[in-house]
Amino acid sequence: MTTKQICFADRCFNFAFGEHILESIEDYIPRDEFDRYIVISDSGVPDSIVHHAAEYFGKLAPVHILRFQGGEEYKTLSTVTDLQEQAIALGANRRTAIVAVGGGLTGNVAGVAAGMMFRGIALIHVPTTFLAASDSVLSIKQAVNLTSGKNLVGFYYPPRFVFADTRILSESPPRQVKAGMCELVKNMLILENDNLEFTEDDLNSTNVYSPKQLETFINFCISAKMSVLSEDIYEKKKGLIFEYGHTIGHAIELAEQGGITHGEAIAVGMIYAAKIANRMNLLSEHDVSAHYWLLNKIGALQDIPLKSDPDSIFHYLNHDNKRGYLKLDEDNLGMILLNGVGKPAVYNQSLLTPVRKTLIKEVIREGL
Ligand SMILES: NC(=O)c1ccc[n+]([C@@H]2O[C@H](COP(=O)([O-])OP(=O)(O)OC[C@H]3O[C@@H](n4cnc5c(N)ncnc54)[C@H](O)[C@@H]3O)[C@@H](O)[C@H]2O)c1
């Protein structure tokens with residue numbers, strides 16, 4: 001078991017992770033800290049996990065469970081207000097804690113709900129997907145979707161505690177683990193990671209890992225992400241590096257309309273970003289090969305059910321949520337690129353480099 005203190009500037013919380021960590025929450029949360037816990041979870045999170053989590057919070061104070069319909073189309077303000085009404089009816093007040101038991105989607109819905117109730121009540125994350133445990137809880141961005149796009153309304157709101165049970169994560173579907181591993185490989189590619197506690201040989205394409213291995217990976221992701229985000233809590237400057245692979249990846253994810261996971265889309269997006277950087281003489285062939293090597297190690301580039309045609313990907317490219325950070329003409333798009341593994345390319349003191357749209361199209365048309 002590992003406990004890390006995570007600080008986004010002066011906003012600090014404990015992140016405890018390891019096998020059966022939920023059995024130890026009494027060691028972290030004083031008994032009189034909260035008057036009740038409202039567990040929020042989407043309908044796709046297995047009942048057994050939700051009840052298991054509720055059981056341990058129930059040892060500290062009364063617990064209520066609220067479920068909502070899963071899926072990105074239900075990650076909305078209307079779902080949030082519905083949950084808030086139910087929480088108030090159950091007696092929620094300023095001393096109540098909201099507990100998000102689920103993946104990044106539940107984390108965001110519960111995060112927005114907690115951040116608005118009484119202008120902010122305690123939020124506790126119990127991430128049940130590897131992506132949530134290694135990526136989304138290491139960000140204080142909370143947002144829900146509008147019909148016009150993903151994550152368009154939200155704010156920054158930190159949790160009070162995070163508890164990630166690596167046994168639960170190790171038993172989750174391998175494709176979900178792979179989604180988180182894609183973000184882990186991203187961290188390996190974008191940062192200079194000295195003293196890695198694992199080697200490339202510890203990665204596998206089945207995406208089945210032991211709780212202990214997942215603990216090591218989460219530890220790495222915490223160090224990687226916090227080495228940047230502790231200084232850039234709003235993820236607008238150096239923190240933009242975590243958007244690597246997301247410009248094209250996000251467009252592919254939207255074009256595929258739910259057919260592939262976010263992680264798979266980012267894996268493809270990173271390959272395209274590497275090829276583009278190579279064509280712009282920023283990245284060597286050797287470093288492009290390093291992208292293929294690492295992503296193939298985790299099976300990220302095999303059997304991706306890509307169906308969308310390049311034109312629909314180009315359509316969604318113009319919706320990139322980083323537009324506006326860089327003033328560019330119609331022919332260019334700002335992308336995060338690398339000069340080498342662990343070396344972000346810098347353009348006019350920004351991590352966004354203008355890239356000709358014609359080059360982006362050319363590379364996407366060529367395929368992987
Ligand atoms: N900064 C941030 O806040 C941030 C960062 C990354 C992603 N996100 C958001 O997170 C979401 C993606 O998160 P995700 O990849 O965790 O997916 P998810 O939360 O959508 O979960 C995927 C599916 O798995 C189910 N599930 C959850 N835990 C499970 C388990 N242990 N076993 C079996 N099924 C389980 C869920 O109910 C859901 O159906 C997106 O909405 C994205 O916008 C937010």
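The values are calculated or read from the model by the stated rules, or taken from the named source; none is laboratory data. Just so we're clear, the structure is a prediction, and the values are computed from it rather than from any experiment. Because the Cβ atoms are built from the backbone with ideal geometry, glycine has one as well, and the counts that use them run over all protein chains shown. When the accessible area is computed, the model is the full protein with side chains, heavy atoms only, and any ligands, DNA or RNA have been set aside. Shrake-Rupley method; radii C 1.70, N 1.55, O 1.52, S 1.80 Å.
For the reader, a short list of remarks on this structure follows.
- The number of residues in the stretch 123-141 being in contact (Cβ under 8 Å) with a residue 60 or more places away in the chain, of a type in the set (Val, Ile, Thr) and either within 7 Å of the ligand (Cβ to nearest atom) or under 22 Å from TYR56 (Cα atoms) (or both) comes to 4.
- Positions within the stretch 161-183 being free of Cβ contacts under 8 Å to residues at least 40 places away in the same chain and either β-branched (Val, Ile, Thr) or part of a helix (DSSP H, G or I) (or both), in sequence order: PRO174
- Pairs with Cβ under 8 Å, 6+ apart, first in the stretch 289-314 and open to solvent by 60 Å² or more (accessible area, probe 1.4 Å), second modelled with pLDDT of 95 or more and hydrophobic (A, V, I, L, M, F, W, C): LEU306/VAL268
- Filtered residues of the stretch 123-176 (kept if surrounded by fewer than 20 Cβ atoms within 10 Å (Cβ to Cβ) and of a type in the set (A, V, I, L, M, F, W, C)): ALA143, LEU146, LEU152, VAL153, PHE155, PHE161
- Condition met for LEU152 (near the ligand (Cβ under 10 Å from one of its atoms) and touching a Leu at 6+ places or on another chain (Cβ under 6 Å)): no
- Pick from the stretch 184-211, criterion in a helix (DSSP H, G or I) and of a type in the set (A, V, I, L, M, F, W, C), ranking: farthest from LEU283 (Cα to Cα): LEU184
- Matching option when the condition is more than 15 Å from the ligand (Cβ to nearest atom) and closer than 24 Å to LYS225 by Cβ, among THR2, THR96: THR2
- Of all residues in the stretch 48-63, exactly one satisfies the criterion of being crowded, with 18+ Cβ neighbours inside 10 Å and farther than 23 Å from GLU171 by Cβ, namely LEU60.
- Residues in the stretch 231-249 that are open to solvent by 40 Å² or more (accessible area, probe 1.4 Å) and either under 30 Å from ARG365 (Cα atoms) or not in a helix (DSSP H, G or I) (or both): GLU231, TYR234, LYS236, LYS237.
- Close pairs from the stretch 106-122: first more than 15 Å from GLY70 (Cα to Cα) and within 12 Å of the ligand (Cβ to nearest atom), partner open to solvent by 10 Å² or more (accessible area, probe 1.4 Å) and part of a helix (DSSP H, G or I), Cβ under 8 Å, at least 6 apart: VAL112/LEU77
- In the condition set (1) at pLDDT 95 or above; (2) closer than 14 Å to MET181 by Cα, PHE198 is compliant with all but (1).
- Here ASN187 clears all of (1) within 13 Å of the chain's Cα centre (by Cα); (2) open to solvent by 50 Å² or more (accessible area, probe 1.4 Å) except the condition numbered (2).
- Failed condition for ALA179, given (1) out of contact with any His (no Cβ under 9 Å at 6 or more places or on another chain); (2) near the ligand (Cβ under 7 Å from one of its atoms): (1)
- Among the residues of the stretch 1-53, those identified as in contact (Cβ under 8 Å) with a residue 40 or more places away in the chain and over 24 Å from the mean Cα position of the chain (by Cα) are TYR28, ILE29, GLU33, PHE34, ASP35, ARG36, TYR37.
- Residue match in the stretch 268-280 (condition: of a type in the set (S, T, N, Q) and without any contact (Cβ under 8 Å) to a residue 12 or more places away in the chain): yes
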